[in-house]
Amino acid sequence: AMAALRALGSFLFLWALRLPAGPCAAARGIDVASYRERVRAMFYHAYEHYLESAFPYDELRPLTCDGQDTWGSFSLTLIDALDTLLILGNVSEFQRVVSVLQEGVDFDIDVNASVFETNIRVVGGLLSAHLLSKKAGVELEAGWPCSGPLLRMAEEAARKLLPAFQTPTGMPYGTVNLLHGVNPGETPVTCTAGIGTFIVEFATLSHLTGDPVFEDVARKALKALWKNRSDIGLVGNHIDVVTAKWVAQDAGIGAGVDSYFEYLVKGAILLQDEELMSMFLEYNKAIKNYTKFDDWYLWVQMYKGTVSMPVFQSLEAYWPGLQSLIGDVDNAMRTFLNYYTVWKQFGGLPEFYNIPQGYTVDKREGYPLRPELIESAMYLYRATRDPTLLELGRDAVESIEKISKVDCGFATIKDLRDHRLDNRMESFFLAETIKYLYLLFDPDNFIHNNGSVFDVVLTPYGECVLNAGGYVFNTEAHPIDPAALHCCRRRREEQWEVEDLLREFYSLKKTKKFTLKRASDSGEGKSAKDPEDAPSEKGEEKRNPKKSSHSLLSCPSQSFNSKLAVLGQVFLDNT
């Protein structure tokens with residue numbers, strides 16, 4: 001496990017170095033700046049028509065130029081597109097939308113909502129926008145990032161989801177009524193991804209608000225899936241959250257399972273959690289042993305490992321990007337190139353592709369403008385600068401503009417064989433597809449920050465470094481700043497420390513002997529084995545007012561500085 005963690009650190013180190021844009025891209029005739037501006041124009045064509053024709057509904061219907069509610073009546077496209085606005089540099093519209101959302105979005109409604117989708121799109125989108133508010137020039141309230149209107153909205157939305165986790169197994173129901181909780185007749189069958197895709201958003205909420213309930217339920221759900229894996233180390237597609245019996249026993253990396261694996265890796269990075277990474281590495285061994293064939297990944301029976309579906313699903317195209325995050329770049333590129341051949345065959349990725357036959361699967365010929373292959377290209381281009389990855393970006397722009405663009409936005413492609421369209425533009429088109437395309441063509445975007453630029457914010461709990469890079473994208477492409485998780489810790493011993501510091505401050509001020517010392521002035525630094533991070537045998541340290549882990553009137557050195565650091569090293573080898 002430690003070898004893989006070192007590989008992860010090495011990859012992030014190379015990523016943070018930001019290799020200079022080489023001549024290879026130009027040699028293949030790709031004008032990166034030109035494609036970046038075309039992606040920007042695509043965004044505004046879709047976004048402006050959503051505002052004109054669909055707001056306040058969730059989504060735009062581009063063929064009829066009107067709107068529809070799909071996931072709960074949240075003005076979902078507006079929430080999903082908010083951080084994309086900032087990535088494109090539109091500060092004024094970001095600020096306007098923040099005000100609109102505060103005034104217009106209400107979660108206290110009698111609506112049955114997907115627990116999974118509400119989390120990744122609404123909670124994730126609001127958390128990301130909250131943490132980017134300073135960069136966007138939004139007027140901040142005292143205590144930010146530990147407080148703020150968008151954070152309160154994210155917390156309110158997440159609390160509406162908590163009743164779904166009240167099951168014997170800790171695995172959540174798939175649907176919850178936002179007003180009444182889980183409906184009495186709700187099915188207990190939930191897909192694996194719908195159980196294991198909460199740790200990024202819920203842990204962030206717990207760290208920012210000080211309420212551990214969100215991270216606790218997310219971890220319990222993750223561990224319940226781990227506990228119920230098969231003897232050969234695989235998980236199925238759907239499980240009964242009451243009895244823990246697998247209902248659909250197909251194992252793979254695609255639809256119904258995908259973001260569970262993604263969140264084990266991203267949760268490990270965000271929380272510097274070796275247990276989550278170890279879980280993923282064990283799964284990765286089983287996936288390679290039973291589902292991988294010639295750099296494709298098939299579907300197999302979870303208990304026997306026998307092939308059940310020799311199919312590639314478009315949702316699986318996130319996998320090369322995930323492989324790159326653990327440093328497995330060579331395997332990632334080989335699988336990416338397989339998927340890219342499918343794109344070139346159809347001008348998009350069909351939902352299902354029969355690998356032996358080399359063609360689409362009946363009734364699964366559509367492409368709803370999904371982001372996953374572009375997402376992998378963005379990650380791999382950061383790691384390798386291989387111009388083939390820019391070629392995928394070019395092809396995506398050309399295909400989407402040629403096939404999908406209509407007068408009122410961009411329409412889902414119903415059938416890649418004859419280019420028939422469907423009257424829908426999913427919110428992830430602006431949240432993910434456009435964002436990853438833009439980041440692929442914008443090597444100097446603040447999201448790619450190598451740590452040389454950052455903000456310092458003073459909170460009641462010490463000095464906090466933010467916007468230094470190392471962003472972790474949730475599965476809806478909402479970037480979470482990992483440093484923010486160290487700004488608002490409210491553990492009891494830290495509250496005591498702050499109280500002692502303030503008492504000393506006022507005591508010294510009265511005697512006119514006050515001097516401000518920084519941690520760097522006192523020669524202090526926080527190591528991975530500081531007492532602050534080491535719970536006592538009873539789970540917490542006893543208060544010792546005579547002994548503080550930091551000098552009085554010093555700003556605590558954030559673990560972010562030592563563990564994430566300038567070069568992006570996430571895990572420390574404490575051996």
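Let's see how each residue does on (1) over 25 Å from the mean Cα position of the chain (by Cα); (2) in a helix (DSSP H, G or I):
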{"position": "S308", "(1), (2)": "yes, no"}
{"position": "L315", "(1), (2)": "no, yes"}
{"position": "T341", "(1), (2)": "yes, yes"}
{"position": "Q357", "(1), (2)": "yes, no"}
{"position": "Y379", "(1), (2)": "no, yes"}
{"position": "A383", "(1), (2)": "no, yes"}
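Checking each residue in the stretch 156-179 for being surrounded by fewer than 19 Cβ atoms within 10 Å (Cβ to Cβ) and either under 20 Å from the mean Cα position of the chain (by Cα) or more than 26 Å from G256 (Cα to Cα) (or both) picks out E156, R159, L162, L179.
Looking only at the stretch 103-112, decide whether some residue is within 14 Å of S73 (Cα to Cα), part of a helix (DSSP H, G or I), open to solvent by 30 Å² or more (accessible area, probe 1.4 Å) and in contact (Cβ under 8 Å) with a residue 40 or more places away in the chain. Yes, some residue in the stretch 103-112 is within 14 Å of S73 (Cα to Cα), part of a helix (DSSP H, G or I), open to solvent by 30 Å² or more (accessible area, probe 1.4 Å) and in contact (Cβ under 8 Å) with a residue 40 or more places away in the chain.
State the number of residues belonging to the stretch 343-355 that are part of a helix (DSSP H, G or I) and not aromatic (F, W, Y).
2
With respect to the conditions (1) at pLDDT 95 or above; (2) in a loop (DSSP other than H, G, I, E, B); (3) surrounded by 18 or more Cβ atoms within 10 Å (Cβ to Cβ), T64 falls short on a single one, namely (3).
Put simply, of D231, D273, D240, D250 the only residue that is at pLDDT 95 or above and under 26 Å from G470 (Cα atoms) is D273.
To keep it simple, each residue is scored yes or no on (1) crowded, with 21+ Cβ neighbours inside 10 Å; (2) over 21 Å from Q323 (Cβ atoms); (3) aliphatic (A, V, I, L, M).
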| position | (1), (2), (3) |
| --- | --- |
| R219 | yes, yes, no |
| A251 | yes, no, yes |
| S259 | yes, no, no |
| L264 | yes, no, yes |
| I269 | yes, no, yes |
| E274 | no, no, no |
| M277 | yes, no, yes |
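In the stretch 434-455, the residues that are under 17 Å from E401 (Cα atoms) reach residues that are in a loop (DSSP other than H, G, I, E, B) with C-beta atoms within less than 6 angstrom, at least six apart or across chains, in these pairs: K435/A477; Y436/P371.
The sole residue among F346, F410, F352, F441 that is open to solvent by 30 Å² or more (accessible area, probe 1.4 Å), modelled with pLDDT of 95 or more and of a type in the set (F, W, Y) is F352. Across the stretch 384-407, the number of residues qualifying as among the β-branched types (V, I, T) and open to solvent by 10 Å² or more (accessible area, probe 1.4 Å) comes to 4. Listed here are the strands (runs of 3 or more DSSP E) enclosed by the stretch 180-293 that have at least 2 residues being within 24 Å of the chain's Cα centre (by Cα) and farther than 30 Å from A129 by Cβ: 238-240. Among the residues here, T197 qualifies as open to solvent by less than 50 Å² (accessible area, probe 1.4 Å), in contact with a helix residue (DSSP H, G or I) (Cβ under 7 Å, 6 or more places away or on another chain) and at pLDDT 95 or above. Among the candidates Y359, Y381, Y340, the residue that is open to solvent by 10 Å² or more (accessible area, probe 1.4 Å), in contact with a helix residue (DSSP H, G or I) (Cβ under 6 Å, 6 or more places away or on another chain), at pLDDT 95 or above and farther than 28 Å from G233 by Cβ is uniquely Y381.
The values are calculated or read from the model by the stated rules, or taken from the named source; none is laboratory data. The model shown is predicted, which means the values in this text are computed figures rather than measured ones. Please note: Cβ atoms are built from the backbone with ideal geometry, for glycine as well, and neighbour counts cover all protein chains shown. The area values use the complete protein model at the heavy-atom level, side chains included, leaving out ligands, DNA and RNA. Shrake-Rupley method; radii C 1.70, N 1.55, O 1.52, S 1.80 Å.
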